[in-house]
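Written out below as structure tokens is the structure these notes cover.
The values are calculated or read from the model by the stated rules, or taken from the named source; none is laboratory data. Note that the structure is predicted; figures quoted are calculated from it, not measured. Note: ideal-geometry Cβ built from the backbone for every residue, glycine included; neighbour counts use all protein chains shown. With ligands, DNA and RNA removed, areas are computed over all heavy atoms of the protein, side chains included. Shrake-Rupley method; radii C 1.70, N 1.55, O 1.52, S 1.80 Å.
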Amino acid sequence: MRYRILGGTGIEVSAHCLGTMMFGAVGNPDHEECVRIMHAALDHGINFVDTADMYSAGESETIVGKALKGRRDDVVLATKVHFQMGEGRNRSGNSRRWIVRAVEDSLRRLDTDWIDLYQVHRPDQSTDVEETLSVLGDLVRAGKIRAFGCSTFPAEEIAEAHHVAERRALPRFRTEQPPYSILARGIEGGVLPVARRYGMGVLTWSPLASGFLSGKYRLGGAIDLTSGRAALTPARFDPAIPGNIAKLEAVEQLVELADSIGCTLPELAVAFPPAHPAVTSVIIGPRTMEQLEALVKGAGLVLDDATLDRIDEIVEPGRNLYHPDGAWKSPALTDVGQRRRVLADRSAG
């Protein structure tokens, strides 16, 4: 396992990061098995573990806390804040009020005195980024977190946060956690160059592209839209929808490429993100021990220039063949009221 410095923090992390979104009710509810998976990952040389307060409503953090016992000093631990936790107002977002409460809840569930990397899970249009950077800096000074970053922020939001930090003499985001895969390369044109410009560490998620690069979904094959990720977002997988054919056609070409270099499609997929010079670590999120073993098997796979050139031919650099599940969408696009003037004010004359 290779190790890299995380965004100028001096913290050394493995090039694979164990993602624990599948630990708990949403994925694997067997706590003991999840602990074994995490211990196996550590034994493989992975020292970087990523979770979030909202994964299975906190259950994932609780499982990670169990697995950390006796091994805390060996692990670089990352978690996140932003999404709604429980019922009621002011239990989500990036405000000082919520972050101060949420970090204490995470520390308790994780059964630890500190968090190595605390990440803002998504942008929050209702909170000034100055407010967020200020409270995160206070948490560093209090010793509750060692460093902080953002997750799934667009390039313009990252740049604004750095500008605010410089202008207000505040600590800055040291990392970004974006979705990145062979089928979702949109961040290559903006997020990754901006992250490099500011010296940020980058830990990418969803290298298997929501399962498209697992080998489960093939052109001409039967696709079960009633189970797994396909049941959650059938419009992304239904072969009757023309836009999905392009994804499946790309998968067939990638399967041929993987066969030609003697690896599996998932191994090819997981080996792709760390080939980019801006990427520090790639999050793998196994639900079972078998999935973990299959994913770490390809850790030593090196994609040469000819292989990367062929990938560029299949999926153009900077292109998204699909919008990653869970990726943030700007309200400027999703809120009709921000895109249309009132009817009486639309004409030019």
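List of remarks:
- A 1.4 Å probe, protein heavy atoms only, puts the accessible area of H121 near 10 Å².
- Estimated FRET transfer efficiency (T226, A25; beta-carbon r; R0 22 Å; 0.05): 0.65
- With every protein chain in place and a 1.4 angstrom probe, the accessible-area ranking of V35, V26, V100, largest first, reads V26, V100, V35.
- Using Cβ point charges alone (K and R +1, D and E -1), the dipole size of region 106-214 about the Cα centre works out to roughly 280 debye.
- Ligands, DNA and RNA excluded, the heavy atoms of I283 present near 10 Å² of accessible surface to a 1.4 Å solvent probe.
- Evaluated with a Cβ-only charge set (Lys, Arg +1; Asp, Glu -1), the chain carries a dipole of roughly 1020 debye about its Cα centre, given to the nearest 20.
- Accessible area (Å², 1.4 Å probe, nearest 10) - W98: 10 Å²
- Distance between the 7 Å Cα→Cβ label points at R101 and K329: 2.9 nm.
- Per residue, the convex hull volume that the Cα atoms of region 154-220 enclose (Å³): 80 Å³
- Across region 266-349, the convex hull enclosing all Cα atoms gives 166 Å³ per residue.
- Mean Cα-pair separation over length for region 235-319, i.e. relative contact order, pairs under 8 Å, 6 or more apart, %: 29 percent
- Phi-based couplings in Hz for region 214-222 (Karplus 6.51, -1.76, 1.60; Gly and Pro marked x): 8, x, 6, 10, 10, 5, x, x, 6
- Selection from A147, I261, N90 lying farthest towards where the dipole of the chain points positive, charges on Cβ: N90
- The convex hull of the Cα atoms of region 44-109, projected and averaged over all directions, covers 4.7 nm².
- Shape of region 12-160, Cα gyration tensor, a/c cut at 1.5: prolate
- Spatially, region 44-117 and region 317-349 are offset by 32 Å when compared through their Cα centroids.
- Most fluctuating residue given options R109, R229, R146, as computed from a GNM of the chain linking Cα atoms under 10 Å: R229
- With q set to 0.15 Å⁻¹, the log10 of I(q)/I(0) for region 194-349, from the Debye formula over equal scatterers at the Cα positions, is -0.92.
- ³J(HN,Hα), Karplus 6.51/-1.76/1.60, whole Hz, each residue of region 89-98, x for Gly, Pro: 7, 6, 10, 6, x, 10, 7, 4, 4, 6
- Probe 1.4 Å, protein heavy atoms only - accessible area per residue of region 187-344 in square angstrom: 50 Å²
- Total lysine pairs under 26 Å (Cα atoms) in the chain, excluding pairs fewer than 8 apart on one chain: 11
- Over the chain, DSSP H runs of length four or greater, each weighted -39,500 (n - 2.57), average out per residue to a 222 nm ellipticity of -11000 deg cm²/dmol.
- Applying the Karplus relation 6.51 cos²θ - 1.76 cosθ + 1.60 with θ = phi - 60° to region 142-153 yields 3J(HN,Hα) values of 7, x, 7, 10, 9, 8, 9, x, 10, 9, 6, 8 Hz, where x marks Gly and Pro.
- Classification of region 76-182 by its C-alpha gyration tensor yields a rounded form. The axis ratio a/c (a ≥ b ≥ c) stays under 1.5.
- Placing +1 on the Cβ of every Lys and Arg and -1 on the Cβ of every Asp and Glu, with no other charges, gives region 1-125 a dipole of roughly 400 debye about its Cα centre.
- Between A306 and K69, the modelled label-to-label distance comes to 5.3 nm, taking each label 7 Å out from Cα in the direction of the beta carbon.
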